[in-house]
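What follows is a single structure, written as structure tokens, with notes after it.
Read-outs: derived from the displayed coordinates by stated rules, not from any lab. No experiment lies behind these values; they were computed from the predicted model shown. Please note: Cβ atoms are built from the backbone with ideal geometry, for glycine as well, and neighbour counts cover all protein chains shown.
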Amino acid sequence: MSEADIRTEIKSVVENIDDIGLCYDYERWVSDWSAFLDVFKTSVSGSDVVRIWTIGVQSIVPQHLTFGRQRKLQRTYTYKVRGYFGVDDSVESEKTAIAIAEDVMEALEERFHTNEYGEDARPAEITVFEPVQFGDVLCHYAEITLEILEKIDN
């Protein structure tokens, strides 16, 4: 399976979570407010909010494994799955943001570590959860690190 296939599968898992907002399978960048709203604003439960997820690869590390006369290639893909949630203190948005981030983490763990992708990889984990300024919007920011092992026959 190629990196592009894995990324597509990650996006599919994230998009299937309730109230996820928008999901992009790459990092999005914009330089003006109008473009920001076009790319990052969505409607959730009838309210316009900033709620997006992006998927980026951090590293691809190959490793040769030798078992007797057999030699196998293994690649470890490390992804950063990032979520941005506009802060709304009146509805305690931090609680919603962390709950959805946990749902994403658990769904990724279930999909990628209970099958052919490699139960030897580290479990998915929320490595960052903090407030950040995203454009002109204060957001809860979640970063999930996901390792996926791919064993390749040589």
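Figures for the structure shown
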quantity: Alpha-carbon Debye profile of the chain, log10 I(q)/I(0) at 0.18 Å⁻¹; calculated: -1.04
quantity: Charge-dipole axis of segment 3-153 as Lys and Arg at +1 and Asp and Glu at -1 on Cβ define it, positive-most pick from VAL128, GLN74, GLN58; calculated: GLN74
quantity: Extension gain (nm, one decimal) between ASP88 and TRP29, 0.36 nm per residue minus Cα-Cα; calculated: 18.9 nm
quantity: Peptide ranges 57-63, 93-99, 28-34 listed from the most packed, as the mean C-beta count within 10 angstrom indicates; calculated: 93-99, 57-63, 28-34
quantity: DSSP bridge pairs, the chain: antiparallel proportion in percent, nearest 5; calculated: 95 percent
quantity: Long-range HN-HN contacts of ASP88 with modeled amide H, under 5 Å; calculated: SER93, GLU94
quantity: J(HN,Hα) series, segment 17-33, from Karplus relation 6.51 cos²θ - 1.76 cosθ + 1.60, nearest Hz, glycine and proline x; calculated: 8, 4, 6, 6, x, 8, 9, 10, 8, 7, 6, 9, 9, 9, 10, 9, 4
quantity: Computed [θ] at 222 nm, helices only, for the chain once each DSSP H run of length n ≥ 4 contributes -39500 (n - 2.57); calculated: -8500 deg cm²/dmol
quantity: Whole-Hz ³J(HN,Hα) from phi, Karplus 6.51 cos²θ - 1.76 cosθ + 1.60, for segment 138-149, glycine and proline x; calculated: 6, 10, 7, 10, 10, 10, 10, 9, 10, 9, 10, 9
quantity: Selected from LEU22, ALA35, MET1, residue furthest toward positive end of dipole (the chain; charges at beta carbon); calculated: MET1
quantity: The chain - charge dipole about Cα centre, Lys and Arg +1 at Cβ, Asp and Glu -1, debye rounded to 20; calculated: 840 debye
quantity: Vicinal HN-Hα couplings computed from phi for segment 88-95 (Karplus, 6.51 cos²θ - 1.76 cosθ + 1.60; Hz; Gly/Pro x); calculated: 9, 4, 5, 10, 6, 4, 4, 5
quantity: Distance-filtered residues of segment 39-56 - backbone nitrogen under 20 Å, label point 7 angstrom along THR96 Cα→Cβ; calculated: 39-54
quantity: 22 Å Cα-Cα reach of LYS80 towards lysines, excluding residues that sit fewer than 8 places from it in its own chain; calculated: LYS11, LYS41, LYS95, LYS151
